[in-house]
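J.: So that we are looking at the same thing, I have put the structure below in structure tokens.
The values are calculated or read from the model by the stated rules, or taken from the named source; none is laboratory data. Quantities reported herein were computed from a predicted structural model and do not represent experimental measurements. Counting neighbours? That spans all protein chains shown, and the Cβs are built from the backbone with ideal geometry, glycine included. For accessibility, only protein heavy atoms count, side chains too; no ligands or nucleic acids. Shrake-Rupley method; radii C 1.70, N 1.55, O 1.52, S 1.80 Å.
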Amino acid sequence: MAINVKKIEIKSVSDASGLDEWIASGEVSADEIVAVIGKTEGNGGVNDFTRILSDEAFRRVLASRGTRDNAAIKRIPMVWSGGCDGVITPHAVAFARNGETGPESEDRLTMGTAMSEDILPEDIGRPAMVEKVADGVRAAMRDAGIDDPADVHYVQTKTPLLTVETVQQARGRGRTAACEVHDSMGVSNGATGLGIAVALNEIDMPEAEDICRNLDLYSAVASCSSGVELDKAQIVLFGNRPGAGGRYRIGHSVMKDALDIDGIYDAIRDAGLELPERPRAGDLGGRVVNCFMKCEADPTARLRGRRQIMLDDSDVHHHRHSKAAVGGVAATAIGDPAVFVSVDAMHQGPRGGGPVIAIVDMEG
């Protein structure tokens, strides 16, 4: 079934009027909304409540406009990334699935979802987590109707992290945690990135000592987030499938470093738009729905041979530095500051860079 896509600006911290307006327009129904991925304006940390406010606001619209019960609405995957540093505009991208199909000669956007087995606190950062995520990604591929991993271009996940309470629960079972609580967000994201890479045949199953250490191992399509609100991996997978219908395609590439604007344009080309050799935002013709990317400060503290200080800054965390910098590059590339840029990119793209995914309108 065809996937429809809409970028929606979030005009205030608990605003979902753009989703309400899209449904009211008649282009989609509330019951067709199957996923939301968005940026909120908080600090991006564990205590970032703007993610909760957006989640509640968007689900309220679906409850008031549609016929699904609260349990069904709660199951809709909504991935919120906090922190709009620099020029990034708070926004969401909503995905709707309808009954349309298309010709087998055309590859179009398709989507699948899955939940992994329970990820125990002692699994986080260890091979058990990698294996459970990989199994979940394979299930999401089946749900999307994709057989070939090469047709997968974006895997967005949300996985559990550690809290003091869950560490104590693990100890009560005679188990240990792989890291400290405050490190578990990055470690959870990193192990998840490896699970995605294993499922899509980008790498072989890593050794335990490689997890969050061997940064040469990564997925080029992973965008991983974590939080305290779940105990499984929530997986939303996107790719292209013949006959899927609709007007959208997806593609990906990697940014080799924080300044790699060519990596963004390569993802847009991979999605299906023809661009000149040296493209600019004006060449896109308004056909890019959005770009989604991960980024991370280069652990060598160098960028194209120049010294960087973000890892030494005691006032502003390096995540905020890198997010703002990459957000500026991405906004310049597509001519729109409403871009999805997320940090904690361990095992998600090359060190100092990250995956970049583009969704384009093939009929715009």
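J.: From (1) closer than 29 Å to residue 1 by Cα; (2) in contact with a helix residue (DSSP H, G or I) (Cβ under 9 Å, 6 or more places away or on another chain); (3) open to solvent by 30 Å² or more (accessible area, probe 1.4 Å), pick out the condition that doesn't hold for residue 270.
T.: (2)
To keep it simple, each residue is scored yes or no on (1) assigned to a loop (DSSP other than H, G, I, E, B); (2) open to solvent by less than 40 Å² (accessible area, probe 1.4 Å).
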| position | (1), (2) |
| --- | --- |
| 162 | yes, yes |
| 166 | no, yes |
| 170 | no, yes |
| 174 | yes, no |
| 177 | yes, yes |
| 184 | no, yes |
| 188 | no, yes |
| 192 | no, yes |
| 197 | no, yes |
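J.: All but one of (1) open to solvent by 50 Å² or more (accessible area, probe 1.4 Å); (2) touching a Phe, Trp or Tyr at 6+ places or on another chain (Cβ under 6 Å) hold for residue 321, so report the exception by its number.
T.: Of everything listed in (1) open to solvent by 50 Å² or more (accessible area, probe 1.4 Å); (2) touching a Phe, Trp or Tyr at 6+ places or on another chain (Cβ under 6 Å), residue 321 misses just condition (2).
J.: Please list, ordered by first then second residue, the pairs with beta carbon atoms under 6 Å, 6 or more apart or interchain, first in region 291-303 and free of Cβ contacts under 8 Å to residues at least 12 places away in the same chain and within 20 Å of residue 213 (Cα to Cα), second of a type outside the set (Asp, Glu) and open to solvent by less than 40 Å² (accessible area, probe 1.4 Å).
T.: none
J.: Given the condition modelled with pLDDT of 95 or more, part of a strand (DSSP E or B) and either of a type in the set (Phe, Trp, Tyr) or open to solvent by 50 Å² or more (accessible area, probe 1.4 Å) (or both), answer yes or no: does some residue in region 341-364 qualify?
T.: No.
J.: Out of the residues in region 245-267 that are open to solvent by 60 Å² or more (accessible area, probe 1.4 Å) and of a type in the set (Lys, Arg), which is nearest to residue 111 (Cα to Cα)?
T.: 247
J.: To continue, here is another question. Could you check, for region 217-233, whether at least one of its residues is without any contact (Cβ under 8 Å) to a residue 60 or more places away in the chain and more than 18 Å from the chain's Cα centre (by Cα)?
T.: no
J.: Taking region 1-31 only, how many residues are among the charged types (D, E, K, R), in contact with a helix residue (DSSP H, G or I) (Cβ under 8 Å, 6 or more places away or on another chain) and part of a strand (DSSP E or B)?
T.: Here the count works out to 2.
Yes/no matrix, rows are residues, columns are (1) aromatic (Phe, Trp, Tyr); (2) in contact (Cβ under 8 Å) with a residue 12 or more places away in the chain; (3) crowded, with 21+ Cβ neighbours inside 10 Å:
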position	(1), (2), (3)
44	no, yes, yes
56	no, yes, no
60	no, yes, no
72	no, no, no
75	no, no, no
87	no, yes, no
102	no, yes, no
145	no, yes, no
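J.: Do we find a residue being within 25 Å of residue 139 (Cα to Cα), of a type in the set (S, T, N, Q) and open to solvent by 10 Å² or more (accessible area, probe 1.4 Å) anywhere in region 236-244?
T.: No, region 236-244 contains no residue that is within 25 Å of residue 139 (Cα to Cα), of a type in the set (S, T, N, Q) and open to solvent by 10 Å² or more (accessible area, probe 1.4 Å).
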